[in-house]
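Below: the structure, in structure tokens.
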Amino acid sequence: MDIICQYCGTTASSDRVMCPSCRRRMQPVDGAPMPAPEPPAQPEMPSTDPAPPPAGSPPPPWQPPQPPAGYPPPGYPPAGYPPYGQYPPQHAAGYPPPYPPYPPQAPTTQQWYPLPQQHGPWGGPLKPTVLFDRAATQKVSRLSVGFRAILAIPTIIILVVLLIGLFFAAIAAWLAAVFTARVPVGLYNFIGYVVGYNLRVNAYLSLLTDKWPTLSADEPYPAVIRYPGPERLNRAAVFFRFILIIPAYFVSGFVGSGLVILLIPFWLITVIAGRLMNPIFDSASAVVRYQTRVQAYLLLLTSAYPSDLFVSEREDPRGPVEQRPELLPPQRSAGGRRLVIAMIVAGVISQGVQFTFRSLPPIIHSFRNFEAEDTLSTAYDNVHVKELANCPPGPGELHCLQLDASVKIAQLGEFDSKVAGLHVTDDAKPYVAVLLTDIQSLTRDYQRLTEARTLADYRRQEALLPLAIGQFDEAENALDDVLLGN
């Protein structure tokens, strides 16, 4: 029998003397032990479980769940899906995929709808799905392919106009995402439309389709993009998006340059064969898809960093179910992979050549300026206009001073010929012209000294020399600084 502590109420066995909790005597010395109280009886609650079926009876049929209040929203269910709850919870092999969740706001054009962010091998943000119709290139019009560059001019003009609006929309979306961590639905749809039209133009120029790029996003086209929809973005990633995109931008630039270079042989092969070879289609579609994903990431249409240039084995299964079975992602093939590598190599070489040609002229000009500066300095050292003539006073002083002026005129003439023969860059030519003008002006001042009749006349003309010599020195120093790059 248990007893209760007289101080703290702790229950313990009857053979205990001291309380295990408060460390005091459980019961008075001569008192009777206090029994532990019985717990109160709990009232019996009626069972809400249904009665089990009789033994041997079949289980009740499965009942589809009812949709939540206010559902379905406009635009649901998507095309190809039955009404809500038609599939049982356990899907047998061959059943259609699970029913997608309802979006909070259905767009006017079904290019995107929110999808759950799952974990595991396909965890993380969804990438835009870019799909192509391979069958559309199995037979192409040679005339259309032959004049593709001319036929694409109107679409390029339309794209340029859209890109002007995209510039302002992208700034507004960036500001909204920095402050609210989301891109407004209206801006998201407009930016997504422009990126989709750019995809159609690129596919048309890359010979991936013979169909002229359509302005409508709902009209069937052999190249489409499906977006994951507006999602919550990381403000820091949005703020530094232009820095984060640099590696992908360089890869996109290299492979895009390589595609432009290889389009010439691709174009010739397609005109002769009348169809686009599978390796060419695989490589060109992979490059166009990668470039489109780079644009989508830069313009905040997705938080998934661009990848899969060499084509993944399969698309993310969390993406929307495509209603057009002819549209497929770029396929992995050995020939396509080799062509992608060739595009990267060609792009790196072409960018290197362009960088070299852009860098060589400044380097050549720098060497030219350095050589001109050395010639200028050497010639300037041979001009002694600042030195005064050492002529003793007397009858022959005027003749001595005029001889010195004649020597300086000869020095200025030689210096003028050296400056006029300098090979300098365009930015230094105005300074050369100024210096030549000052040389001629100083030469005329010395010429007047040689024509002086009297010593007083000579001294009057000599008083004007310091100003002309100062201008001459300033012009020479300015040209010297320009040639040195200061």
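The values are calculated or read from the model by the stated rules, or taken from the named source; none is laboratory data. All values reported here derive from a predicted model rather than from experimental measurement. So basically every Cβ, Gly included, is an ideal-geometry build from the backbone, and we count neighbours across all protein chains shown. Calculation scope for accessible area: heavy atoms of the full protein, side chains included, ligands and nucleic acids excluded. Shrake-Rupley method; radii C 1.70, N 1.55, O 1.52, S 1.80 Å.
Once the piece of chain linking Arg24 and Thr356 is laid out straight, how much longer is it, given 0.36 nm per residue of separation minus the C-alpha distance between them?
Gain on stretching Arg24 to Thr356: 110.1 nm.
So which lysines can Lys386 reach, going by Cα to Cα under 18 Å and dropping same-chain residues fewer than 8 places off?
Leaving aside lysines fewer than 8 places away in the same chain, those within reach of Lys386 are Lys408.
To one decimal place, what Kirkwood hydrodynamic radius in Å is obtained for segment 157-316 from all pairs of distinct Cα atoms?
16.7
If packing is taken as the average number of other Cβ atoms within 10 Å across a peptide's residues, how do 426-432, 199-205 rank, most packed first? Walk me through the intermediate numbers first.
Details: 426-432: 14.9, 199-205: 22.9.
Peptide ranking by packing, descending: 199-205, 426-432.
What FRET efficiency would be calculated for the residue pair Ala152, Asn278, taking the C-beta separation as r and a Förster radius of 25 Å, to the nearest 0.05? Each step should come with its number before you reach the end.
Values: r = 23 Å, r/R0 = 0.94.
The calculated FRET efficiency here is 0.60.
Where a Cα-Cα gap under 20 Å defines reach, which lysines qualify for Lys211, not counting those fewer than 8 residues away within the same chain?
Reachable lysines: Lys139.
What percentage of the solvent-accessible surface of segment 429-486, computed with a 1.4 Å probe over protein heavy atoms, is contributed by carbon and sulfur atoms?
Using a 1.4 Å probe with all protein chains present, segment 429-486 comes out at 53 percent carbon and sulfur.
Pop out the ³J(HN,Hα) list for segment 338-344 in order, Karplus 6.51 cos²θ - 1.76 cosθ + 1.60 with θ = phi - 60°, rounded to Hz; leave Gly and Pro as x.
Running phi through 6.51 cos²θ - 1.76 cosθ + 1.60 with θ = phi - 60° gives 5, 5, 5, 4, 4, 5, 5 Hz.
Which shape class applies to segment 114-232: rounded if a/c is under 1.5, otherwise prolate when a/b exceeds b/c and oblate if not, where a ≥ b ≥ c are the square roots of the Cα gyration tensor eigenvalues? Intermediate values should be presented prior to the final figure.
Values: a/c = 3.35, a/b = 1.54, b/c = 2.18.
The shape class here is oblate.
If you stretched the chain out fully between Thr378 and Ser333, how much longer would it get, using 0.36 nm times the residue separation minus the C-alpha to C-alpha distance? Don't jump to the answer; show the numbers that get you there.
Numbers: separation 45, 0.36 × 45 = 16.20 nm, distance 6.71 nm.
So the extension gain works out to 9.5 nm.
Show which lysines lie in cross-link reach of Lys429 when reach means a straight Cα distance below 22 angstrom and same-chain residues fewer than eight apart are skipped.
Here the lysines satisfying the reach criterion relative to Lys429 are Lys418.
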